[in-house]
Amino acid sequence: MNQPNLESIARLLRYYIIISTTEAGSGHPTSSLSAVELMATLFFDGFFKTDLENPNNPNNDRLIFSKGHASPLFYALYAAAGKLTEAELLTLRKFDSPLEGHPTLNFPYTEAATGSLGQGLSIGVGMALNAKKVDKLPYRTFVLLGDSEMAEGSVWEAIAAAEFYKLNNLIGIIDVNRLGQRGQTMYGHNIEAFEKRVAAFGWETVVIDGHDLASCHEAFKKAVESPEKPTMIIAKTLKGKGISFIEDKDNWHGKPLSKDDLAKALVELGDIDKNLRGTIAAPENTSPQKKQATPAPALQYDTTKAVATRRAYGNALVRLADAYPDIVVLDAETSNSTYAEFFKKDHADRFFEMYIAEQNMVGTALGFARRGKVPFVSSFAAFLSRAFDQIRMLQYSDGNVKVVGSHAGVSIGEDGSSQMGLEDIAMFRTLLGSTVLYPSDAISAEKLIEEAAKHHGSTYIRTTRKDTAILYEPTEQFPIGGSKTLRHSSADSITVIGAGVTLHEALAAYDILKAEGITIRVIDLYSVKPLDIATLKKAATETKAIITVEDHFVEGGIGEAVSSALSTHATPIHLLAVRKMPRSGKPQELLDFEEISTAAIVKKVKEIA
């Protein structure tokens, strides 16, 4: 350890932190100052190994600032390593600067966007799992956590998962600086409270003075030598360390120094060697284990037998596994219902049981995605809502994650309202650049799973519990952004749009109405986002009204998506959706009760035809 050099680097980091935040007029200098010695030791004392010229080198150690508000320190580290100039640091938080208020991918050394607290360790779990179980690479993943975010349940989900998978290549660092946004944190400087809790989960723990460089060195040395467990370094620090008049003082969270205070702080820091640059150790040169892709076998279904789309999901994963060797599958202890267990049986090395911890599951999936994998994440649609913050953050990290929600809608039947997943389409539609797919039979489900695997971007696939008839031939194609018009004629009076279960109800309604001399157009809107605008406009032009039918709440669902797309058309749009509080019952009883069944469609068509 070159302690005098590290002390000088620590002063340089503090200088960078305070000048950049003062220039910005905003930011979190005190939260950054508390972790300076910890990060200086990690970066410049031989523990962090990375190729600065190639941030995407698969052998690079990964660093995640879960406490993303400490971004001034994050950027300062790369300035001290020679990858940012002082002038560039002074663009912090400016509109055209990659140095945003919380780390984003605009800065090339950012592993994943952070700042919504409690998520970084889950992302780290995914990266560590990828290294240990999939790519078989020697890189380590380091995660800097704040003491405030240790109140988040998702952190403890990640801690449990890391111990279960024996991720000795994952190292957490808790910056216990005592003060949160509005005062003392839950445990303040009670370091023992953190140590007891983390140790109880089976982690190695190292408790240190986070401002003592020798202690930091010994802590990281122990962490990287851990033979079988993840390690948590629990560091007692002072918020605002190094600047006496803000050090360990309340009400300085998220506040930069004024110009006058900056001048005083610079005097306290003393001589700064602005030409000093730290050296970072080089990574190993190891190639990830890669499998050659082989063509997927053809689809095989008995088209006379009904098959649930959730079962088709499991079938698709197995069929596509060798064609897409970067696929990994995560499930929240529902794999015998989502049928992800099919993949587990054939490809156990790429399946990860995440137990009933959906927030951690999605965060872990993002970690895999950021290391080039294509994660499919499955659970009941209803339970994905508790992970919406993690799902929301996918859009800020270019998260190529495929989320599959089964058992959606009132058609699940007797399990009752808490299990029905009636908000999921709305939830995923809100994400910038997301894709929402809703297959109606086994063929479309398998084809859409493959489309999702090929497509780059966060994608939601909604699957159904009940068996449904096969509607399509195995050769049918289902491009994202398309739809299928299953019934049409030049005499169509009304267009009925459905997806999933309600498409089958619409087709049954077509037969009843046709027998009575009323012809309707039936569209399978399998791509809910993006929509097939051309087909919708054609229907709005050629028929006098549109009816959307969905097993989902009206807010944010298919009906509202279609209404928005056709907002410039005068054609009336009628939305049949779940509008009453559902209850336990037979699937058909519930479809009738919510007025989204065949009978309800027939009734609505007759009202407006």
So what's the gap between the Cα centers of region 21-43 and region 157-231, to the nearest angstrom?
19
Where a Cα-Cα gap under 23 Å defines reach, which lysines qualify for K264, not counting those fewer than 8 residues away within the same chain?
K239, K241, K249, K255, K274
Quick one: work out the % antiparallel among DSSP beta bridges in region 3-269, nearest 5.
5
Helix 213-224 versus the longest principal axis of the chain: what is the Cα-based angle in degrees, 0 to 90, to the nearest 10?
40
Tell me, what ³J(HN,Hα) does each residue in region 185-191 have, in order and in whole Hz, if you take phi through Karplus 6.51 cos²θ - 1.76 cosθ + 1.60 with θ = phi - 60° and put x for Gly and Pro?
6, 4, 10, x, 9, 7, 4
Go through region 257-273 residue by residue and turn each phi into a ³J(HN,Hα) via Karplus (6.51, -1.76, 1.60, θ = phi - 60°); whole Hz please, and just put x for glycine and proline.
6, 6, 4, 5, 5, 4, 4, 5, 5, 5, 5, 5, 5, x, 5, 10, 8
Could you pull out every residue, at least 5 positions away or on a different chain, whose amide H is within less than 5 Å of the one on V496? Hs are placed 1.01 Å off N in the peptide plane, and Pro or chain starts have none.
R521, V522, I523, I547
For the chain, averaging the sequence separation of alpha carbon pairs under 8 Å that lie six or more residues apart and dividing by its residue count, the contact order in percent is 12
Cβ-placed point charges (K, R +1; D, E -1), dipole of the chain about Cα centre in debye, nearest 20:
560
In terms of the Cα gyration tensor, with a ≥ b ≥ c the square roots of its eigenvalues, is region 323-460 rounded because a/c is under 1.5, prolate because a/b exceeds b/c, or oblate?
rounded
What do you get for the angle between helix 598-608 and the principal long axis of the chain? Use alpha-carbon atoms, 0 to 90 degrees, nearest ten.
80
Considering the Cα trace of region 253-342, what is its radius of gyration and what is Dmax, both in angstroms?
28.5, 82
Under 1.5 on a/c is rounded, so check that first for region 427-473, then, if it is not, pick prolate when a/b is larger than b/c and oblate when it is not; a ≥ b ≥ c are the square roots of the alpha carbon gyration tensor eigenvalues.
oblate
Taking the radius of gyration and the Kirkwood hydrodynamic radius from Cα positions alone, what is the Rg/Rh ratio for region 3-269, to two decimal places?
0.94
Given a Förster distance of 41 Å, the FRET efficiency implied by the Cβ-Cβ spacing of E218 and F95, rounded to the nearest 0.05, works out to 0.40
Can you tell me the dipole magnitude for region 135-269 around its Cα centre, using point charges on the Cβ only (Lys, Arg +1; Asp, Glu -1), in Debye to the nearest 20?
120
For region 514-527, take each phi angle, set θ = phi - 60°, evaluate the Karplus expression 6.51 cos²θ - 1.76 cosθ + 1.60, and give the result in whole Hz per residue in order, putting x for glycine and proline.
4, 5, 9, x, 10, 9, 10, 8, 10, 10, 8, 8, 5, 9
Mean Cβ count within 10 Å, highest first, over the residues of peptides 524-535, 568-579:
524-535, 568-579
How much of the DSSP bridge set in the chain is antiparallel, in percent, rounded to the nearest 5?
10
Projected onto the charge dipole of the chain (+1 at Lys/Arg Cβ, -1 at Asp/Glu Cβ, origin at the Cα centre), which of A235, A508, Y324 gives the Cα projection farthest towards the positive end?
A508
Which value, in debye to the nearest 20, gives the size of the charge dipole of region 309-462 about its Cα centre, when Lys and Arg are +1 and Asp and Glu are -1 at the Cβ?
340
Interchain or sequence-distant (5+) residues whose placed amide H lies within less than 5 Å of the amide H of V207 are I234
Given a cut-off of under 8 Å on Cα pairs at least six residues apart, what relative contact order in percent is computed for region 269-357?
27
Just to confirm my numbers, what's the Cα centroid distance between region 427-490 and region 260-302 in Å?
36
Sorted peptide list for 83-89, 37-43, 449-455, criterion being average Cβ within 10 angstrom, highest first:
37-43, 449-455, 83-89
Could you work out the relative contact order of region 3-269, using alpha carbon pairs under 8 angstrom and six or more residues apart, expressed as a whole percent?
24
Using the Cα atoms of region 190-268, I'd like the radius of gyration and the largest Cα-Cα distance, Dmax, both in angstrom.
16.6, 51
What 222 nm value per residue comes from the helices of the chain, counting each DSSP H run with n ≥ 4 as -39,500 (n - 2.57) and dividing by all residues, nearest 500 deg cm²/dmol?
-10500 deg cm²/dmol
Going by average Cβ neighbours within 10 Å, how do the peptides 97-110, 69-82 rank, with the highest at the top?
69-82, 97-110
If you project the alpha carbons of the chain onto the principal axes, what extent comes out on each, in Å, largest first?
91, 50, 41
Give the long-range amide H neighbours of A281: residues separated by 5 or more places, or on another chain, with amide H under 5 Å away, using H modelled in the peptide plane at 1.01 Å from N.
G46, F48, T50
Angle in degrees between helix 309-320 and the longest Cα principal axis of the chain, rounded to the nearest 10
60
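Taken together, the values in this text are just the output of simple stated rules run on the coordinates, not laboratory data. Only a predicted model underlies this, so the values are computations on that prediction, with no experimental measurement involved. Here Cβ is always computed from backbone atoms with ideal geometry, including for glycine, and neighbour counts include all displayed protein chains.
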